[in-house]
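Before any comments, here is the structure.
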Amino acid sequence: MAAIATFGVQDRQLTDRERWLCFSVLFFFSFTAAFNLFKASPAITYIGADLGISDANIGYIMSFYSIAVLVFAYPGMLFMQRIGVKASVLITSALMLAGSTLGLVATTAGVFLASRAIEGCAYGMMCVVCPNIMPRLFPLNKQGLVMGIWSQCVPVGTIIAFFAAPVVFNAVGWRPIWFISIVMEFVAIIGILALVKMPKIPENELIDSDPAKRKKPGRNYIFAAVLMAVVFSVWVYDYVVNVNTLYPTFLQQAKGLSIFASSMLPNVTAFISIPLGIIAGVVTEKLNCRKTAVIAGYLLLAVIMFFCAYTPGDDMIGPWVFSILLGFCQGCCVTCTRAGIPVLAPEPKKTDLALATMSFFTGVAMCLGGVASNSVVAIGWIANGRYILAPAALAAAVLVLAFVKSDRKVAAIRREEASQGDSETRAAGTSQVSRAHV
């Protein structure tokens, strides 16, 4: 087991080039997993009809993928800590490949949903392993940029899915979409074998990337970190479940759009969120305002869910405004939650716990695909947006405002701790000198 745990671990710290090459492979692997999640969305009603799944139950095509996220969250964290990063990522990619292959040949609803569950095992492991790798791979002063970029794996996977899936479906049906994912998974496995490396000492245990300087235990705001992780489930339910999964169906049914046209609005959101997410990571790190950005993101989400997302008639102004502003919400909610958790809980095992909790509640929310589709059937698109999705976003903003300590207060406490540590070191040195003179 020890040999497996050290697979890919170097006998030194990594160079910047090695870090970013490793990051690039993990990013490709992550957006492949996100592509797998959303590849069914543009043609989900047609896939359901082909396999005998009713409209009220098509959400389970996503839920079966998602259930593994919550199942694997905490075991996945322990699994990674025990067998190491590279072995964990390779096993995850093999599961993804097995699930996609089974989905390609599935002819019944049961086999297809089983294939989605196996693919979901890979997504569940990815949601746990990859965010937990970043604090180990990069120093804390780069986490804003790193998490800002890595958090865009879902928008990138969304763009590929919502561009490729409608084109492929219209040309040759839905099964070749699964063949695309298989090709991407083979590429990911090759990249993981060749380029994924880890430093001898995880960066989140060091001061200024100096192996001679280990961090001393400081104050961890684990409750606040876990709360942010739990609240993130609201974003997942509103965006991943109700927008990226069901919004194309709303546009097809209520606005009369084609499969391809209905897939473009989620892509607009993804395109906007990619640069904004990276900018949000860098800027909020500089200004120490991650909490403020998260609150602003949820408040804006509540407003646009209530007023813009689901409008009656043929009006497309609301959906366009919604899709554009949703990109701003994603830049704030996703990036700043992931970048903020290691700041609130910097101790490595506590960071792992908080990020695993984020993965667990991501899975909880994603498993509510069937609830979402049944809610739409029961009360309609507009009522679902106004009286379920919007209030949930508002509640998320209130919880973060009330119970999460601000970045600036945390930074001030960290400076005080560092100052006390320096004073203790100087005092110890003076004491040693005095004893030497005696």
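What to note about this one:
- Given (1) within 18 Å of the chain's Cα centre (by Cα); (2) touching a residue at least 24 places away in the same chain (Cβ under 8 Å), index of the condition Pro75 fails: (2)
Each row is one residue, and each column tells you yes or no for (1) more than 22 Å from Ala365 (Cβ to Cβ); (2) among the aliphatic types (A, V, I, L, M).
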position: Val241; (1), (2): no, yes
position: Phe250; (1), (2): no, no
position: Met264; (1), (2): yes, yes
position: Phe271; (1), (2): yes, no
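Results for (1) under 21 Å from Pro166 (Cα atoms); (2) in a helix (DSSP H, G or I); (3) modelled with pLDDT under 90; (4) not aliphatic (A, V, I, L, M), shown as yes or no for each residue.
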| site | (1), (2), (3), (4) |
| --- | --- |
| Ala49 | yes, yes, yes, no |
| Ala56 | no, yes, yes, no |
| Phe64 | no, yes, yes, yes |
| Ala68 | no, yes, yes, no |
| Phe72 | no, yes, yes, yes |
| Met77 | no, yes, yes, no |
| Gln81 | no, yes, yes, yes |
| Ser93 | no, yes, no, yes |
| Gly103 | yes, yes, no, yes |
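- The set of residues in region 48-81 that are open to solvent by 70 Å² or more (accessible area, probe 1.4 Å) and of a type in the set (A, V, I, L, M) comprises Ala49, Ile67, Val71, Leu78.
- Selection from region 288-330 of residues that are touching a residue at least 60 places away in the same chain (Cβ under 8 Å), open to solvent by 60 Å² or more (accessible area, probe 1.4 Å) and within 30 Å of Ala411 (Cα to Cα): Thr292, Leu299
- Within the set Phe64, Phe29, Phe23, Phe35, the sole residue that is touching a Cys at 6+ places or on another chain (Cβ under 8 Å) and either farther than 30 Å from Leu195 by Cα or not β-branched (Val, Ile, Thr) (or both) turns out to be Phe29.
- Cβ-Cβ distances below 6 Å connect the following pairs, each with a first residue in region 339-350 that is open to solvent by less than 30 Å² (accessible area, probe 1.4 Å), a second residue that is in a helix (DSSP H, G or I) and of a type in the set (Gly, Ala, Ser), and a separation of six or more residues or different chains: Ala339/Gly144; Ala339/Gly281; Ile341/Ala225; Ile341/Ala354; Leu344/Ala224; Leu344/Ala225; Ala345/Ala225; Ala345/Ala354.
- Residues (at pLDDT 90 or above, closer than 24 Å to Ala34 by Cβ and among the β-branched types (Val, Ile, Thr)) located in region 359-383: Val376
Let's see how each residue does on (1) surrounded by 23 or more Cβ atoms within 10 Å (Cβ to Cβ); (2) β-branched (Val, Ile, Thr); (3) more than 30 Å from Ala411 (Cβ to Cβ); (4) at pLDDT below 85:
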site: Arg116; (1), (2), (3), (4): yes, no, yes, no
site: Pro131; (1), (2), (3), (4): yes, no, no, yes
site: Leu137; (1), (2), (3), (4): yes, no, no, no
site: Lys142; (1), (2), (3), (4): no, no, no, no
site: Thr158; (1), (2), (3), (4): yes, yes, yes, yes
site: Phe179; (1), (2), (3), (4): no, no, yes, no
site: Phe186; (1), (2), (3), (4): no, no, yes, no
site: Ile189; (1), (2), (3), (4): no, yes, yes, no
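- Taken over region 337-352, the criterion of being in a helix (DSSP H, G or I) and either out of contact with any Ser or Thr (no Cβ under 9 Å at 6 or more places or on another chain) or among the aliphatic types (A, V, I, L, M) (or both) is satisfied by Ala339, Ile341, Val343, Leu344, Pro348, Lys349, Lys350, Thr351, Asp352.
- Every residue from region 82-108 that is in contact with an Asp or Glu (Cβ under 7 Å, 6 or more places away or on another chain) and either within 26 Å of Pro348 (Cβ to Cβ) or open to solvent by 10 Å² or more (accessible area, probe 1.4 Å) (or both): Ser93, Leu97
- Hits in region 35-45 (condition: in a helix (DSSP H, G or I) and modelled with pLDDT under 85): Leu37, Phe38, Ile44, Thr45
- The residues in region 285-330 that are of a type in the set (Ser, Thr, Tyr) and within 20 Å of the chain's Cα centre (by Cα) can be counted, and the count is 3.
The values are calculated or read from the model by the stated rules, or taken from the named source; none is laboratory data. Keep in mind that this is a model prediction, so the values were computed, not measured. Don't worry about glycine lacking a Cβ; one is built from the backbone with ideal geometry, like all the others, and counts go over all protein chains shown. Each accessible area value is taken on the protein alone, full model and side chains, heavy atoms only, with ligands, DNA and RNA left out. Shrake-Rupley method; radii C 1.70, N 1.55, O 1.52, S 1.80 Å.
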